[in-house]
Structures are given as structure tokens and as C-alpha cells.
Amino acid sequence: MDRIIQKLRSQYSVLLERLEEYLRFPSVSADPNHRQDMVRCADFTAGLMQWAGLQEVTVHATGGHPIVLGEWHHAPGAPTVLIYGHYDVQPVDPLDLWEQDPFTPHQRDDRLIARGSADDKGQFFVYLAALHTIMGELGTFPVNVICLAEGEEEVGSAHLPEFLRNHRQRLQADIALVSDTAMWAEGWPAITVGLRGLIGMELQLTGPDRDLHSGTYGGGVANPLELMARLLASLKDEQGRVVIDGFYDKVRLPSPKDREELQRIPLDEPAYWQDLGASAGAGGERDKSLLERLWWRPTLEINGLWGGFNGVGSKTVLPSKAFAKITCRLVADQDPEEVASLVIHWLENHVPVGARLTIQRFPGSGVPLVVKDDLPALGAARLALKQSFGRDPLLLREGASIPITADFKEILGMDTLLLGFSLPDARCHSPNENIHLPTLLKGMEAIVRLLFQLAEDVHTNR
């Protein structure tokens, strides 16, 4: 183990050059103009898997962007880990806020700045670098390995569930390892043990059959924009609680042990609000603590609201239609389809007089994830992170959603371990996305230790 860690450190600059090559691909999955870049990046990902020591590497065409699969099954009796990552990245807009070209990686203040550096090429590369170093020193791995990289995570992973179903037997593993989350702070590792689920829909309220002159018809014809605002505002009470019947019925409350973990989190609330430039306690359920609202409680948010005239200057129009996009983040024991039905039923029974409501569900949904306390791999991960970073990792929950974790559980019957190696200020999805280089190296060391610890745990428990 010590020899492998020393080798990893000695070749870090070479590994970093390899990562920078990876970051130069403008693999923006949402933009059709980058389709060929996606294909080239998939091929490069396959090359990285071979470089890491995986022997059976294949690129699979889908109805969208390719999926890359790498395998190594030569450790009889050892566990099998499935390592997941995505090679697609977010669009770079607004371009003028970037220090340099988003796909020309550069370093500043121990940060590697480029689109995809944290989300998720850089974090996926942590595993490939660890595997490459182990194979280079030993000529083998301590565990069996499957690597799965997709190119549509940033656009909803539409084709991944079908791929998982079609290759269910080939993808069987004891645990899935995913690094697409964050640490608590520099030097303070974390394991994400809970994710909120997700549903979303677009609403359309239609009033008159065309836009009308607001002087001629205003005061007589109901305004769909006003009606939409009233409808959305009525979804919550003055204390921030969603008023939809049954919305909270299946919400799992934190246990005493969960509340102990919450108390361990060193949250500086004044600094939190100052960093956001927002008013403290203004959102969510007023009678709940901030972390409970962010991690343990479901939400209903308005993500977009529009209609009428939005151009420069004035146009005195009474619009025909008003639109809104809403999403709900769901927590443990809530079923996405059940909650979606509750929301739709409530909206349909509260349509304002003078308008017609149309609701369109967004494709896909995310099921909430909760990692069990007794998951064997959790103990191995805690030990590996403590050995690498010098302190016990925090067990965090995340308010966002990673739908692939639900697919692993539902389709493959597999639990997922979420180990984040980006920092909270990595600016994922924003200009000047970055990853902290000292943390990147420690992350590689942690994965080396984790793979050996997983193998050792199986041997010890026989």
C-alpha cells in the first residue's frame, strides 16, 4: 500500500497532464453542435479506461450519446465494484465571465480551472488514476472492477436505464462508487448518505384565445399571468409549508442518531447567508433548522415564470397564456409518482376562474436515496478517507438529486456510495469551474485505500 501511494505521488504531474487532455474536449451534451465532440470524448474515455488497466473496454451507441464500459474480472473471491462517472459537461454560458477559454485548462492558486474539472471528469479521473497506479505497481487489482461512463448525465440520462436493463447480468457488482458530490470543506472529507428525489412539470394557464389590448379589455378579461401568480402563491402557507393534501404524509423524520449527526455538522449560518447574499430563514418551513430544511424536508419550488411581453420597452398587452415550471425535491419514503399525482390533483382542483390549465410532466424522476448505516462499504470508505485526509469524514445529506443512484438500486439491486472530492466553491455549472489540486491527489490516495480495504473486509469476514 505505501509503495502504491508513493508511486501515485511521484507521478502526479504526469497524471495531471492526462486529466488536462480529458478536459480539453468540449463535451457539452445539451448542444447538438457538439455531437462529434461527444463521440471523440467517448473514445478518449475508452482509451483512459484501457490506460487504467481495464481489459474489456467497449463503446456503446445509444439513441443519444455513447456509453463507455470497461471491465476487469480477475480477482476470484474478491468483491466487484462498479465505478460510475459521466464525461458530458454543462454549457459554458456566459462565456465572458470565464478567466480563460473553458476548455483550455489552466492552474491558479492550487486550482485547475476548466469546464468538467469538478463535474464530473475530474472526479471520475480520480478512480482511473488510482487504478492506473495500482495496475502499474502490482499488475493486478485487489477487487474486480467495472467502469461505466455515460454522456447524458447533464441532460437527464435518458438512455442509461435501458442500458442497465439490457446489460443487467454484465453489470452485477457488490457496490457502486460515484464521485459527483462535494467535501464539506478543504481538508474535511465527507460521504453523502442521503439525496433528495425529484419530480418536475410545466404549467400553462390559458385565458382568452389571443393576446388582447390591456386598455380595451383590461378589467373585464381575467389576466392569465395574474391568475398564475395567485395559483402558485397559494401552494404554500405563510410558514412556508406546502398546503397540498398528503404532501408530507410519508416524509421520514430524522431519528435521534440522525439528529446527532446533524449536530456534528459545523455549519456557520451567518457565513452561509452572507456568501449567498440572501436573507436568513426566508425560505422553506420556518419552524425547521436550516440543515433539516435542506436535507430532510421536501420542497416545491417555482423554477420559471413567464408570459406576455418581455421585450425592450412597453407593450400594453393582456396575454393569452401564462407559463410556469415547478419542481419538487423529495425525501426518504416519498414516492415520485405518488407525489406527482397529489400535486397535479391539487392544481387541477384549484384552477382559477377564467382560465384553463394544462400540465406537462418532465420526463424521468429521481427517487430519494438513503444509505443504510450498516452498509459494509460505508465503514471501508470512512477508514480510507480518514487515513488519507487525517480526520473522520462527515456524513452529509444533499438537497439535490442524482437519479442514477435510484436506477442502480431499482434495476441492478445495488447500493451506491457517494464520495465527493470537489470543494463547495468548485463553481460547478458556473463560469470558472475548478477542482482543488491537493484535494484531487488525496482523493486518488483515498480510492487506492478504499479498493484494498474492500478486498480486506471480504477476506476478514470469511
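Each value in this text was obtained by applying a stated rule to the coordinates, not by laboratory testing. For clarity, every value in this text was computed on a predicted model and none was experimentally measured. All Cβ positions, glycine included, derive from the backbone under ideal geometry; neighbour counts span all protein chains shown.
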Specify the inter-centroid distance of the stretch 319-357 and the stretch 245-288, based on alpha-carbon positions, in whole Å. 24
How many nm is it between the label spots at ARG40 and GLN239, if each spot is 7 Å from the Cα in line with the beta carbon? 5.8
May I ask you to list the trypsin sites (Lys or Arg not before Pro) in the stretch 190-239 that are in a DSSP loop and have at most 13 other Cβ atoms within 10 Å of their Cβ? ARG210
Packing-wise, with mean Cβ within 10 Å as the measure, how do 130-138, 175-183 rank, highest first? 175-183, 130-138
R0 = 30 Å: FRET efficiency of ASP101 with VAL312, Cβ-based, nearest 0.05? 0.45
By how many nm would the segment from ASP425 to ASP392 grow when fully extended, if each residue of separation counts as 0.36 nm and the alpha-carbon distance is taken off? 9.8 nm
Among the Cα-Cα pairs of the stretch 301-368, the proportion with separation greater than 14 Å, in percent, is 70
Range of Cα positions in the stretch 200-361 per principal axis (Å), largest first: 62, 36, 23
Pairs to check: LYS7/LYS121; LYS121/LYS250; LYS386/LYS409; LYS236/LYS315. Give those whose C-alpha atoms are more than 29 Å from each other in this structure. LYS121/LYS250; LYS236/LYS315
Could you check the simple spin-label distance between TRP51 and GLU269, using points 7 Å along Cα→Cβ, in nm with one decimal? 4.7
Expressed in nm to one decimal, what extension gain is obtained for the pair ASP209 and ARG24 from 0.36 nm per residue of sequence separation less their Cα-Cα distance? 61.6 nm
Between the stretch 109-154 and the stretch 8-72, what is the C-alpha centre distance in whole Å? 10
What's the FRET efficiency of ASN303 with GLU348 using the Cβ-Cβ distance as r and R₀ = 25 Å, to the nearest 0.05? 0.80
Log entry: pair-distance distribution for the chain, C-alpha pairs binned every 10 Å from zero, whole % per bin is 4, 18, 27, 25, 15, 7, 3, 1, 0
Obtain the nm distance between the two label points defined at ILE359 and ARG168 by a simple spin-label model: each point lies 7 Å from its Cα along the Cα-to-C-beta direction. 3.1
